[in-house]
1. Among (1) under 25 Å from the mean Cα position of the chain (by Cα); (2) within 16 Å of the ligand (Cβ to nearest atom); (3) at pLDDT 95 or above, there is one condition residue 238 misses while meeting the rest; what is its number?
2. So how many residues does segment 461-481 have that are touching a strand residue (DSSP E or B) at 6+ places or on another chain (Cβ under 9 Å) and assigned to a loop (DSSP other than H, G, I, E, B)?
3. Look at segment 152-199 and say how many of its residues are surrounded by 14 or more Cβ atoms within 10 Å (Cβ to Cβ) and on the phi > 0 side of the Ramachandran plot.
4. For segment 212-235: of the residues being within 16 Å of the ligand (Cβ to nearest atom), touching a strand residue (DSSP E or B) at 6+ places or on another chain (Cβ under 7 Å) and part of a helix (DSSP H, G or I), which is farthest from residue 347 (Cα to Cα)?
5. Just one of the numbered conditions (1) in contact (Cβ under 8 Å) with a residue 12 or more places away in the chain; (2) assigned to a helix (DSSP H, G or I) is not true of residue 458; which one?
6. Of all the residues that make up segment 192-206, how many are in a loop (DSSP other than H, G, I, E, B) and more than 16 Å from the ligand (Cβ to nearest atom)?
7. So, in segment 325-341, exactly how many residues are in contact (Cβ under 8 Å) with a residue 40 or more places away in the chain, under 30 Å from residue 147 (Cβ atoms) and not in a loop (DSSP other than H, G, I, E, B)?
8. Yes or no: segment 52-62 includes at least one residue that is outside any helix (DSSP H, G or I) and either at positive phi or surrounded by fewer than 14 Cβ atoms within 10 Å (Cβ to Cβ) (or both).
Ligand SMILES: Cc1ncc(COP(=O)(O)O)c(C=O)c1O
């Protein structure tokens, strides 16, 4: 399992004290439950990028104070009877567990269980220092965004002055012409079968995942996640208090043995381009999953976050389109094809769930901004979106080719990398005696930023594995970055 710890390297508190304190708080808040197994000192030290001795010191203190217990040969576990008086109180009732008084610098502030879990969740941030080559970011290249066209569409929407664009909408499904344009676009581009009435416009995929967690699960119920998995999805379910059932990923995508024996309410997947491995879910596995969902009665949450970027071959149709859609919530975003700060995404929801999802959206934030939705509908209908995607697909395809060519040229058999030509990143694992942290440090010194894959593993992250973003880096800089990386790794 992954511990949600955030270490402040610039803090005066030693790292071991930060690990100790955050674990203690997580135990008190019930985020780490009694009996739960903790990662080994080796795994945690790797995932945090600190020495094993640092983690061992924090664990020793938690053991000595009775928060943890060691079981010979099987690992370290959260004590079932914890030393703190708040624990029995917290466990007495569910409502008490939701309101655990946690002490922080400001004094006694009550945090809900969700608040405590959110406060402990790690934020995976990527470096944006100017002058560096950023392989640590898998964002669109915003210098190509047609901002003049976009500006005109926005200005036109504002100037028209239609009151319905400025007022509260009567309902929270989203701007009707955008939902109609999207239904047509998704049918043609992703073989998604839906009517505009099944579409709910949301604040990016992250809001869709949060809504899925709230609408489909109760705390203590189970959700299946790919391992490794997109951390945004894991956090949405973890903060809610869901149990995570891992679905190991191989070269054909996620595997489903665990779903045969365990019961889950939902399974979250990235079938078109598994995040972060980059493999796509094979057709037999897609059919197996659809059959399992039908037989066992769980919902598939299909995150199709960057499927527009496929550089070779034809994409497999969406799970939503491959099935009758009755068991699938399909999620998409404009963060990758347009720009992330737009905060617009969409869900295609089975008809019986539309009412619950739109009411949940209403409770959370009423609606997404209508001017942007109006501009976006115009952009799709005018062919602007399809044109922009075609253009960027060509550029990103060339960048990906430059990246993998350089990787193969400089590392040869010493790199294991994503083979499929799609998306905005490549997962690469180097065969080296150096640790992930040491490679990041050495690359940084050479002007290259890297992101390790550890935050995405539910357990046992491999060493020296990186998510290499190529979309926003020109070809020449990509080749130069890999040359520099080879010089410090080989
Ligand atoms: C798997 C996955 N889903 C969705 C997103 C996009 O999230 P959002 O639409 O909230 O910006 C990302 C962004 O990196 C992602 O990696």
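The values are calculated or read from the model by the stated rules, or taken from the named source; none is laboratory data. Quick caveat, the model's predicted, so the values are computed rather than measured. When we count neighbours, we look across all protein chains shown, and the Cβ atoms used for this are built from the backbone with ideal geometry, even at glycine.
1. With (1) under 25 Å from the mean Cα position of the chain (by Cα); (2) within 16 Å of the ligand (Cβ to nearest atom); (3) at pLDDT 95 or above applied to residue 238, the lone miss is (3).
2. Total meeting the criteria: 8.
3. Total meeting the criteria: 2.
4. Across segment 212-235, the extreme among qualifying residues is 234.
5. Going through the list (1) in contact (Cβ under 8 Å) with a residue 12 or more places away in the chain; (2) assigned to a helix (DSSP H, G or I), residue 458 breaks only (2).
6. If we filter segment 192-206 for residues that are in a loop (DSSP other than H, G, I, E, B), which is where we start, we get 192-195, 203.
Adding the requirement that they be more than 16 Å from the ligand (Cβ to nearest atom) leaves 192-195.
Of the residues in segment 192-206, 4 are in a loop (DSSP other than H, G, I, E, B) and more than 16 Å from the ligand (Cβ to nearest atom).
7. Residues meeting the conditions: 5.
8. Step one: filter segment 52-62 for residues outside any helix (DSSP H, G or I), giving none.
No, because not a single residue in segment 52-62 is outside any helix (DSSP H, G or I) and either at positive phi or surrounded by fewer than 14 Cβ atoms within 10 Å (Cβ to Cβ) (or both).
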